[in-house]
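Student: One structure, pasted below without further comment.
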Amino acid sequence: MGAAVFFGCTFIAFGPALALCLLTVAGDPLRVIILVAGAFFWLVSLLLASLIWFISVQLSDRNDGQLQYGLLLFGAAVSVLLQEAFRFAYFKLLKKADEGLVTLSEDGRPPISVKQMAYVSGLSFGIISGLFSVINILADSIGPGTVGIHGDSPHYFITSDKAKRWLSA
């Protein structure tokens, strides 16, 4: 039962993104490179935000609940700001790469349009952020144990996977 729930929830959560990847990205190597690079930029921004939050918690008083709550809010704000900063840096990198690809092309046109780059990089940011938001839920679905025994919703997995699909696809 655990494997069935895991694969069902995975395909509910990532079905639209997987379809978009297979139908529009997988056929072009340049788009695949942009997809992987976008996911890498998101991961680096998450790593930096995690380091900043971890260092701030380590340097603070762990017994002060109000301070820890403030640091949690600070970490969330820093995470959002770093993600947007890395998204802008990735955009600048793609613009430079596009200029370089135009100089290498024979006809003087870029091999991929700006709209296609924006679509693929947005898809990569959405996929990797969705993966990080739902990975713990998918790990719980493999087992052991059953969600919903003590009055919790028996539709926990399906609800969380649909919410992920709606928010990041």
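Student: Inside the range 1-14, can you point out the residues that are under 18 Å from the mean Cα position of the chain (by Cα) and more than 18 Å from GLY122 (Cβ to Cβ)?
Tutor: Matches in the range 1-14: CYS9, THR10, PHE11, ILE12.
Student: Would you pick out the residues in the range 69-81 that are more than 22 Å from the chain's Cα centre (by Cα) and open to solvent by 90 Å² or more (accessible area, probe 1.4 Å)?
Tutor: TYR69 - this is the single residue of the range 69-81 that is more than 22 Å from the chain's Cα centre (by Cα) and open to solvent by 90 Å² or more (accessible area, probe 1.4 Å).
Student: Only residues that are touching a helix residue (DSSP H, G or I) at 6+ places or on another chain (Cβ under 9 Å) and in a helix (DSSP H, G or I): list them for the range 100-120, please.
Tutor: LEU101, VAL114, GLN116, MET117, ALA118, TYR119, VAL120
Student: Same structure again: Here is a list: GLU84, GLU99. Which entry is of a type in the set (Asp, Glu) and within 19 Å of the chain's Cα centre (by Cα)? Talk me through it step by step, then tell me what you get.
Tutor: Values: GLU99 fails: within 19 Å of the chain's Cα centre (by Cα).
Of GLU84, GLU99, the one residue that is of a type in the set (Asp, Glu) and within 19 Å of the chain's Cα centre (by Cα) is GLU84.
Student: Any idea how many residues of the range 58-73 are in contact (Cβ under 8 Å) with a residue 12 or more places away in the chain and more than 26 Å from PHE125 (Cβ to Cβ)?
Tutor: Total meeting the criteria: 0.
Student: Assuming SER124 fulfils every condition listed in (1) touching a Leu at 6+ places or on another chain (Cβ under 8 Å); (2) open to solvent by 50 Å² or more (accessible area, probe 1.4 Å) apart from one, which condition is it?
Tutor: Among (1) touching a Leu at 6+ places or on another chain (Cβ under 8 Å); (2) open to solvent by 50 Å² or more (accessible area, probe 1.4 Å), SER124 violates only (2).
Student: Another question, if that's okay. Looking only at the range 82-97, decide whether some residue is open to solvent by 90 Å² or more (accessible area, probe 1.4 Å), in a helix (DSSP H, G or I), at pLDDT 90 or above and of a type in the set (Asp, Glu).
Tutor: yes
The values are calculated or read from the model by the stated rules, or taken from the named source; none is laboratory data. Remember, it's a predicted structure, so these values are computed and weren't measured experimentally. When we count neighbours, we look across all protein chains shown, and the Cβ atoms used for this are built from the backbone with ideal geometry, even at glycine. Please note that ligands, DNA and RNA were not included when accessible areas were found on the heavy atoms of the full protein model with its side chains. Shrake-Rupley method; radii C 1.70, N 1.55, O 1.52, S 1.80 Å.
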